[in-house]
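The numbers here are math on the coordinates, done by the rules we state, and not lab data. Remember, it's a predicted structure, so these values are computed and weren't measured experimentally. Positions of Cβ are backbone-derived with ideal geometry, glycine not excepted, and every protein chain shown enters the neighbour counts.
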Amino acid sequence: MADKLRHDGRRLGELRDVAITAGFVSTADGSCLFELGKTRVICTASFDEDVPAWRANSGLGWVTAEYGMLPASTGKRKRRPIGKPDSRGVEIQRIIGRVLRSVVRFDRLGQNTITLDCDVLEADGGTRTAAITGAYVALCLAVENAAARGLCKPKVVEGAVAAASVGVVQGRAMLDLDYVEDSEAEVDMNVAMTSAGKFVEIQGSSERKPFDLAQLQAMLNLARRGMRKLARAQRQAIKDAKRS
């Protein structure tokens, strides 16, 4: 099949339209609305002049994350996880925190905590990768605001990080699967990378058919391509926020 024949007209290595609205939540220390096609996630960063008990007196800060999907985000109402934690949400928020911590200098952050909240407004595939990519923007804005107020040192964030989904659908490696493609994927993978091209997180599994080394390499190459576009969008959003 031709490279351009995905169901929505995209090429195999093409992201959906990306839009990042920085400062989307005016009451947050840092925030953005991250849109990837029909997937939309609000990401906020909250700065707290305290650390978990196990981090006390270390001189080091901490970054953690929470993730959730609003009840109507998938069309059919999703129940709120009241009382019993949503195991999928817990897994994703741990990934978000782990990925974002890879570019943070905790000694420069000082004994402060940044909590990243990622709330999915609409889900059409790729919500965890969208949350990671948007959370980076919110994090950068929060630490810049904190440094300007003398609450932490400058340059808390070193480098950039973003994430993209890839997979194999009908035998073809594809970048940025939407819900239709994800639901019929033979292989599903999420890749987080730094702007320097180093991997932070790779999550992949066979959904229907095992995959070989050539398919793995093809997916990683597509992820690398998508990461360059996401990094440009992140940089532009942060610049726009500084000008506003």
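Note on the chain: with a GNM built from Cα contacts shorter than 10 Å, the maximum mean-square fluctuation among Arg80, Arg101, Arg128 falls on Arg80. When the chain is treated as a Gaussian network with alpha carbon springs shorter than 10 Å, the biggest mean-square fluctuation among Ala173, Ala147, Ala22 belongs to Ala147. From the Kirkwood radius over Cα pairs of the chain, Stokes-Einstein at 10 °C and 1.306 mPa s returns a whole-number translational diffusion coefficient of 86 µm²/s.
Placing R0 at 41 angstrom, the Cβ-Cβ distance between Arg94 and Arg243 gives a FRET efficiency of 0.75 after rounding to 0.05. In nm, to one decimal, how far is the Thr27 label point from the Lys198 one, both placed 7 Å along Cα→Cβ? Inter-label distance under the simple model: 3.9 nm. Tell me whether region 1-52 comes out rounded, prolate or oblate; compute the Cα gyration tensor, take square roots of the eigenvalues as a ≥ b ≥ c, and use a/c under 1.5 as the rounded threshold. Prolate. Comparing Ser206, Ser31, Ser102, which has the greatest mean-square fluctuation in the GNM of the chain with Cα pairs linked when under 10 Å apart? Judging by the Gaussian network model, the answer is Ser206. The relative contact order of region 1-89, computed from alpha carbon pairs under 8 Å that lie at least 6 residues apart in sequence, is 13 percent. When peptides 232-239, 89-96, 164-171, 184-191 are ranked by their average number of other Cβ atoms within 10 Å per residue, the highest-first order is 164-171, 184-191, 89-96, 232-239. Kirkwood analysis of the Cα pair distances in region 127-244 returns a hydrodynamic radius of 15.4 Å. Only aspartates and glutamates eight or more places from Lys38 in sequence, or on another chain, were considered; those with a Cα closer than 16 Å are Asp8, Glu14, Asp17, Asp119, Glu122, Asp124, Asp176, Asp178, Glu181, Asp182.
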